[in-house]
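Asks: Take this structure first; my questions come after.
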Amino acid sequence: MSSFDFDDWVFIDKDEQHVKRERKKARELKKTQWWHNLLNKGICHFCHKKYPATELTMDHLVPVSRGGKSNKGNIVVCCKECNNLKKYYTPAEILMRQLEKEEAERSSNSNNGEDRNQNLLEEE
């Protein structure tokens, strides 16, 4: 499997009015009891680690810049590190990146294993 850079093929043609409207909705959601309950749990949606509320952010699973909405089904609590790593990717793109990484690791481990076996044979 060949490696590719997701940043090279992710096309973002954001609708500025949509982004403005959805960010306003997100600000309103931050005032709700629903959001405060999520913050108080303190669990990052992505890494599942516990954090103080001050270290958590609101994240749109499908980014607003990619057409995502500011609603309870698309918004999660996450730590700042995970939010920065996620960038503007969709859940499907994140899974593809993970699969690509795992495939590269398997290929690397497979090659390393072959090299070790070759070295063992040469030492005899």
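Every read-out reported here was derived from the displayed coordinates using simple, explicitly stated rules and does not represent laboratory data. The model shown is predicted, which means the values in this text are computed figures rather than measured ones. All Cβ positions, glycine included, derive from the backbone under ideal geometry; neighbour counts span all protein chains shown.
Asks: Hey, rough spin-label estimate for Leu85 and Asp15, points 7 angstrom out along Cα→Cβ, what's it come to in nanometres?
Replies: For the pair Leu85/Asp15, the computed spacing is 3.2 nm.
Asks: Please give the contour-minus-distance gain from His48 to Lys31: 0.36 nm per residue of separation, less the Cα-Cα distance, rounded to one decimal in nm. Kindly include the intermediate steps, with their values, before the conclusion.
Replies: Working: separation 17, 0.36 × 17 = 6.12 nm, distance 2.34 nm.
Full extension of this stretch gives 3.8 nm more.
Asks: For the peptides 76-84, 98-106, what is the packing order when you average, over each peptide's residues, the other Cβ atoms within 10 Å and list the highest mean first?
Replies: Descending packing order for the listed peptides: 76-84, 98-106.
Asks: Go through segment 98-108 residue by residue and turn each phi into a ³J(HN,Hα) via Karplus (6.51, -1.76, 1.60, θ = phi - 60°); whole Hz please, and just put x for glycine and proline.
Replies: In residue order, the calculated couplings are 5, 4, 4, 5, 4, 5, 4, 5, 4, 5, 5 Hz.
Asks: Percent of alpha carbon pairs in segment 13-89 separated by more than 20 Å?
Replies: Here the tail beyond 20 Å accounts for 28 percent of pairs.
Asks: Further question: What full-extension length gain, to one decimal in nm, is calculated for Ser108 and Glu93 as 0.36 nm per residue of separation minus the Cα-Cα distance?
Replies: 3.2 nm
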